[in-house]
1. Loop-only trypsin sites (Lys or Arg not before Pro) in the range 46-122, please: DSSP not H, G, I, E or B, and at most 14 other Cβ atoms within 10 Å.
2. Contour minus end-to-end for residue 47 and residue 90, with contour as 0.36 nm per residue of separation and end-to-end as the Cα-Cα distance?
3. On the Cα set of the chain, report Rg and Dmax in Å, please.
4. Specify which residue in the list 62, 35, 73 is farthest towards the positive end of the charge dipole of the chain, using unit charges on the beta carbon of Lys, Arg (+1) and Asp, Glu (-1), about the Cα centre.
5. Could you check which residue among 77, 96, 33 shows the biggest mean-square fluctuation in a GNM of the chain with a 10 Å Cα cutoff?
6. Given only helices, namely DSSP H runs of n ≥ 4 each adding -39500 (n - 2.57), what is the per-residue ellipticity at 222 nm of the chain, to the nearest 500 deg cm²/dmol?
7. So how tilted is helix 67-78 from the main axis of the chain? Cα-based, degrees 0 to 90, rounded to 10.
8. Give the residue from 97, 10, 48 lying farthest towards the positive end of the charge dipole for the chain; charges sit on Cβ (+1 for Lys and Arg, -1 for Asp and Glu) and the dipole is referred to the Cα centre.
Amino acid sequence: MEGGASLDAPLHIEIYRQNPATRAVFHSHGPHAVALTLNGEDFVPVDFEGQYYFPRVPVIRIPYEQYVDESPQAVAAQLQSHKLTIVCGHGIYACATSINLAYKWSCSLELSAKTAWLARQL
Ligand SMILES: [Zn+2]
């Protein structure tokens, strides 16, 4: 993995290794999802679609300086039983049987987080 391979390459490989049904992994940095979970607590959607598709999204806390070493195992382990996981202060990982579906989960999570954020402004 020299010369431009993603820093996250070992993480993606570990997800595929631990989750044989996974065909795609999508990583994103949705600002609402990241901001709302900076406290390290799991994200529980308040909107219907979020509750329906992902009633609880686990949040993983990994010290930034240990991210490269610890994230492959930690993220892959959560994605064995969840569609999505959030790494505290960093971003979202979604797995699915296609890249389109993994992208959809990521967009749905960001929309749920934005909705929750808007609701808190009332
Ligand atoms: Zn990232």
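Coordinate-derived values only; no laboratory data. Being a predicted model, the structure only gives us computed values, none of them experimental. Note that we place each Cβ from the backbone using ideal geometry, even for glycine, and neighbour counts take in every protein chain shown.
1. Listed in order of number, the matching sites are 56, 61, 120.
2. Between residue 47 and residue 90, full extension yields 13.2 nm more.
3. Calculated on Cα positions, Rg and Dmax stand at 14.0, 49 Å.
4. 35
5. Of 77, 96, 33, the most mobile in the Gaussian network model is 77.
6. One gets -13500 deg cm²/dmol as the mean residue ellipticity at 222 nm.
7. 70
8. So the residue we want is 48.
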